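The values are calculated or read from the model by the stated rules, or taken from the named source; none is laboratory data. From a predicted model like this one, the values you see are computed outputs, not experimental measurements. Because the Cβ atoms are built from the backbone with ideal geometry, glycine has one as well, and the counts that use them run over all protein chains shown. These accessible areas exclude ligands, DNA and RNA; they are computed on the full protein's heavy atoms, side chains included. Shrake-Rupley method; radii C 1.70, N 1.55, O 1.52, S 1.80 Å.
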Amino acid sequence: MLKKRLIFTLLYNDGGFMLSRNFRLQRAGDIVWLLKNYKFNKISFSIDELIILDVTRRERNIKKFCDHIKMIVKECFVPVAIGGGITSLNHARILMNSGADKLVVNSALIKSPPLVNELVGLYGSQCVVASVDFKKEQGEFVSYIENGTKKVEMEFIDYLKYILNLGVGEIYLNSMDRDGTGHGYLTDILDEISNFVTIPIIMAGGAGNWQHLLEGLKHNMIDAVATANLFNFIGQGFPNARKKLIEIGINLARWYTMS
């Protein structure tokens, strides 16, 4: 049986690291603040993966973003997935050379499907994660790209099937309605896709405490849970959460530092 995973997501915006609530951003601190408050050489024993997303609203500075990535991954010993506005193979190569183990694609799923196919062919499906930002409108699930600003003009079920046909290896399913609220994951959406999605699902959007992580990980369809909550999981937040989840019986990897 495959192990479940606990993932920490960092949201980067033009040199700063952000809090997000329903996709509205608030700056939490810069790279100095982040490295001071999150000792990644220690956090690496409490999470299974790290995701870093460039959510910069204006023109992206790829070099500046990659400089920050290199500082973070220097002492981070877990797989790192990186994304945000990937528009070309060269862009993807730059991210991979900066320390990425996986790539996260969102807008490219619609705007450049041949690029997604190329990434899958070059790096393998296991290295390409499809990020799906969704919300509920008039009782129906819909998806958005471009940092939640552009609606996907496809029925949600059709969109998921379309994504699967691109050959990606995982789906990062992120609720825009629950984002930053701390109200827990919107798992109702899984009932809509349970009969055809067979690749791993990372659930995101809404985790505010370890109980929310537990609720997500207990779901049969969820392979991993992600949180981008910078303050609720600061300090001993991640070590304590992982310890409690393992004590309850969640099938997480047990590192040698954990009794």
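Distances between placed amide hydrogens fall under 5 Å for residue 56 paired with 14, all partners being 5 or more residues away or on another chain. Counting only protein heavy atoms and a probe of 1.4 Å, the accessible surface of region 66-137 is 52% carbon and sulfur.
Full extension of the chain between residue 101 and residue 3 gives 33.4 nm of extra length, using 0.36 nm per residue less the Cα-Cα distance. Rounded to whole numbers, the Karplus 3J(HN,Hα) couplings from phi for region 140-155 are 10, 7, 9, 10, 10, 10, 6, 6, x, 9, 10, 6, 7, 8, 8, 4 Hz, using 6.51 cos²θ - 1.76 cosθ + 1.60 with θ = phi - 60°, and x at Gly and Pro.
Sequence-ordered 3J(HN,Hα) estimates for region 89-95 from the Karplus curve with 6.51, -1.76 and 1.60 and θ = phi - 60° stand at 4, 5, 4, 4, 4, 4, 5 Hz, glycine and proline given as x.
In nm, to one decimal, how far is the modelled label at residue 122 from the one at residue 247, with both set 7 Å along Cα→Cβ? Between residue 122 and residue 247, the label points sit 4.6 nm apart. Using the 1.4 Å probe convention, the accessible area of region 103-143 works out to 41 Å² per residue with neighbouring protein chains retained. Near the amide H of residue 51, within less than 5 Å, lie the amide hydrogens of 8, 9, 10, 81, all on another chain or at least 5 residues away, with H placed in the peptide plane.
Taking 13, 229, 97 in turn, the Gaussian network model of the chain (Cα-Cα springs below 10 Å) assigns the largest fluctuation to 97. Comparing 147, 220, 232 in a Gaussian network model of the chain where C-alpha atoms under 10 Å apart are linked, the largest mean-square fluctuation is found at 220. Taking each DSSP H run with n ≥ 4 as -39500 (n - 2.57) and averaging over every residue of the chain yields -8500 deg cm²/dmol at 222 nm.
Three principal axis extents describe the C-alpha atoms of the chain; from largest down they are 47, 40, 33 Å. Between the residues 33, 98, 8, the greatest Cα displacement towards the positive end of the dipole of the chain, with unit charges on the Cβ of Lys, Arg, Asp and Glu, is found for 33.
Inter-label distance, residue 196 to residue 236: 4.8 nm, where each label sits 7 Å from its Cα along the C-beta direction.
Here the chain carries DSSP beta bridges of which approximately 30% are antiparallel, counting only pairs with both residues inside. For region 158-167, the Karplus equation 6.51 cos²θ - 1.76 cosθ + 1.60, evaluated at θ = phi - 60°, returns couplings of 5, 5, 5, 5, 4, 4, 4, 5, 7, x Hz by residue, with Gly and Pro reported as x. Ignoring lysines fewer than eight residues from residue 244 along the same chain, the ones with Cα atoms less than 22 angstrom from its Cα are 3, 4, 39, 42, 218. Checking every one of the trypsin sites (Lys or Arg not before Pro) in region 3-95 against DSSP loop status and a limit of 15 other Cβ atoms within 10 Å picks out 3, 39, 57, 58, 74.
Given +1 at the Cβ of Lys and Arg, -1 at the Cβ of Asp and Glu and no other charges, the dipole of the chain around its Cα centre is 980 debye to the nearest 20. Of the GluC sites (Glu not before Pro) found in region 145-187, the ones in coil according to DSSP and having at most 10 other Cβ atoms within 10 Å of their Cβ are 153. Sites listed here are GluC sites (Glu not before Pro) in region 1-97 whose DSSP assignment is loop and whose Cβ has at most 15 other Cβ atoms within 10 Å: 59, 75.
Using alpha-carbon pairs under 8 Å, 6+ residues apart, how would you state the relative contact order of the chain in percent? Before the final figure, lay out the partial values.
Details: 478 pairs, mean separation 51.7, N = 259.
Averaging sequence separation for qualifying contacts and normalising by length gives 20 percent for the chain.
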